[in-house]
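Presented below is the structure to which this report refers.
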Amino acid sequence: MKRLGVLLCAAMLAGAARYEAQGPESEAFTQPIEGLDANHAASFSKGSGIFRQAWIIGPSQDHPDFVGLGPLYNRLSCIACHVKNGRGAAPDSENGVARTMAARLSVEGRDAHGGPRPHPNYGAQLNPEGVLGVAGEGQAVVDYAEFDVAFSDGERITLRRPTLSYRNLAYGPLGLETKTSLRNAPPVFGLGLLESVSDAEIFAGRGRPNFVFNFETRRKSLGRFGLKANQPNLKQQIANAFMEDIGVTSSLFPAENCAATLGQCRSGASKPELADAQLDAVVTYISALAPPARRNLEDRPVKDGELLFRAIGCSECHRDTLHVAEFSLQPALNGVAIHPYTDLLLHDMGEGLADGREDFDSGPRDWRTPPLWGLGLAGKGGDGANFLHDGRARTPAEAILWHGGEAQSSADAFRSLPEPQRQALLAFLNSL
């Protein structure tokens, strides 16, 4: 009886704690998971401030803690790319310069940890901005070639294929052997819940794991974050983003991010520019961001669309249900089922989406299944409403039609659906 009482108490606690956020659509991605204790709530608030803070070159009277920008960087803050914690936006057609995207760079071979080998002059990522006296590396420019695709009933839809080029390269040519990959900034809510899913449950999916280098343990472990599942946990993902995107060092990545021609800065800062306490606060903030609650669940098209989603095979990769193993920020959620619509594994997505670039065990055609929760609210809070790893798709329908490789049969099935069924499936996706 005592054991039964414990189980009932745990079930009641789990039932009382919500992992999904309620609220206006414009703030759908900014809410914490409910029930954080006072310490975690304070850390969440501190991390939110750091995530939004514009970094500067050196300490100032107003912001003595926020130092360390550059010498090379993409944007001044995290929120500049992850607007309202959502996804980035594709470049405008006027000049095509990627602002909320990153151009990943590598050359043939592997680095010391088995990952991509950085470009000898430009490193792992092109940084367009530099601090006073340091030239930014150049701009990544995206151009789109449009073409039409027909559904089986004759309706047509326009897709676009991006082409990446470079402007104002400051440290020499990239070279023909350089491998490039355009990456759009992904949404950052719900990631703490995904980190809490056990490795065993992830391995039960149909995709392939990416085993990547963990800089804290100094050994390979399961990758689950990043568009190619190339980061093992949120702490490393966040610290790496601070270093590569803003040029802010930490105890995890102490070396400055600078071009080979700026050799004197490669020795690293005298101390980490992002203190461990600050990094931990940002990790708490991102970990505690709740995914938004679903909408219109009782609408007939949404129900029909969910059945079609499964029938044409989308759910084989976009797993609707995973489980929280242990979530320290809100223990009442331990064991709770969540519905992110991802398996966190790699899948061959075909030549049409290939970037020609390896990343640990991820091949040029491989991409991690992105979570779909919050999909229907993309763009509602001022964030971007572009989909796939490089933002080429302007709608979920376009994104589906780009699926190839392992997902080719699902894309073909979607293309063959009568128009009312296509709209039902899209209504289901819009409810997420």
Cβ-Cβ under 8 Å, sequence separation 6+ or interchain: first residue in the range 76-104 and closer than 19 Å to R160 by Cα, partner aromatic (F, W, Y) and crowded, with 23+ Cβ neighbours inside 10 Å. Which pairs? R87/F387
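Report yes if some residue within the range 231-238 is modelled with pLDDT of 95 or more, farther than 21 Å from L329 by Cβ and surrounded by fewer than 24 Cβ atoms within 10 Å (Cβ to Cβ); otherwise report no.
Of the residues in the range 231-238, the ones modelled with pLDDT of 95 or more are 231-238.
Checking which are farther than 21 Å from L329 by Cβ leaves us with none.
No, the conditions are met nowhere in the range 231-238.
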Can you pull out the residues in the range 325-353 that are free of Cβ contacts under 8 Å to residues at least 24 places away in the same chain and of a type in the set (S, T, N, Q)? S328
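Being assigned to a loop (DSSP other than H, G, I, E, B), at pLDDT 75 or above and loosely packed, with under 13 Cβ neighbours inside 10 Å is the filter here, so list the residues in the range 253-291 that pass it. Spell out how you get there, then give the answer.
Let us first name the residues in the range 253-291 that are assigned to a loop (DSSP other than H, G, I, E, B), namely 253-259, 268-275, 290-291.
Now drop any that are not at pLDDT 75 or above, which leaves 253-258, 271-275, 290-291.
Correct list: A255, K271.
Does the range 292-326 hold any residues that are of a type in the set (S, T, N, Q) and in a loop (DSSP other than H, G, I, E, B), and which are they? Full working, then the answer.
Narrowing the range 292-326 to residues of a type in the set (S, T, N, Q): 296, 315, 321.
Result: N296, T321.
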Going by the structure shown, is A90 touching a Gly at 6+ places or on another chain (Cβ under 7 Å) and surrounded by 15 or more Cβ atoms within 10 Å (Cβ to Cβ)? yes
The range 94-120 - residue that is touching a Leu at 6+ places or on another chain (Cβ under 8 Å) and assigned to a loop (DSSP other than H, G, I, E, B) and, of those, surrounded by the fewest Cβ atoms within 10 Å (Cβ to Cβ): P118
Condition broken by S60, with the remaining ones in (1) assigned to a loop (DSSP other than H, G, I, E, B); (2) at pLDDT 95 or above; (3) of a type in the set (S, T, N, Q); (4) exposed (fewer than 13 other Cβ atoms within 10 Å of the Cβ) satisfied: (2)
Could you tell me which of the residues S181, S198 is surrounded by fewer than 17 Cβ atoms within 10 Å (Cβ to Cβ) and either of a type in the set (G, A, S) or closer than 30 Å to E108 by Cβ (or both)? S198
So A354, is it of a type in the set (A, V, I, L, M, F, W, C), modelled with pLDDT of 95 or more and crowded, with 17+ Cβ neighbours inside 10 Å: yes
Of all the residues that make up the range 136-166, how many are without any contact (Cβ under 8 Å) to a residue 40 or more places away in the chain and surrounded by 17 or more Cβ atoms within 10 Å (Cβ to Cβ)? 1
Close pairs (6 angstrom Cβ cut-off, 6 or more residues apart or separate chains): touching a residue at least 24 places away in the same chain (Cβ under 8 Å) and farther than 16 Å from C78 by Cβ in the range 269-296, surrounded by fewer than 15 Cβ atoms within 10 Å (Cβ to Cβ) and not β-branched (V, I, T) anywhere: D276/S251; A293/Q22
Scope the range 343-356; condition in a loop (DSSP other than H, G, I, E, B), among the aliphatic types (A, V, I, L, M) and more than 16 Å from the chain's Cα centre (by Cα); matching residues: M349, A354
When the residues of the range 121-132 are filtered to those that are within 24 Å of the chain's Cα centre (by Cα) and assigned to a strand (DSSP E or B), which remaining residue is surrounded by the most Cβ atoms within 10 Å (Cβ to Cβ)? Q125
Considering each of L36, L7, L13 in turn, give the residue that is at pLDDT below 90, under 30 Å from R295 (Cα atoms) and either exposed (fewer than 13 other Cβ atoms within 10 Å of the Cβ) or more than 22 Å from the chain's Cα centre (by Cα) (or both). L13
Could you grab me the full set of residues in the range 357-407 that are crowded, with 22+ Cβ neighbours inside 10 Å, polar (S, T, N, Q) and assigned to a loop (DSSP other than H, G, I, E, B)? T369, N386
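Between L425, L429, which is under 21 Å from G190 (Cβ atoms) and part of a helix (DSSP H, G or I)? Even if it seems obvious, please write down each step before you answer.
On the way: L425 fails: under 21 Å from G190 (Cβ atoms).
Sole residue among the options that is under 21 Å from G190 (Cβ atoms) and part of a helix (DSSP H, G or I): L429.
The values are calculated or read from the model by the stated rules, or taken from the named source; none is laboratory data. Worth saying up front: this structure is predicted, and the values here are computed from it rather than measured. Methodologically, a virtual Cβ is constructed for each residue, glycine included, from the backbone with ideal geometry; neighbour enumeration extends over all protein chains shown.
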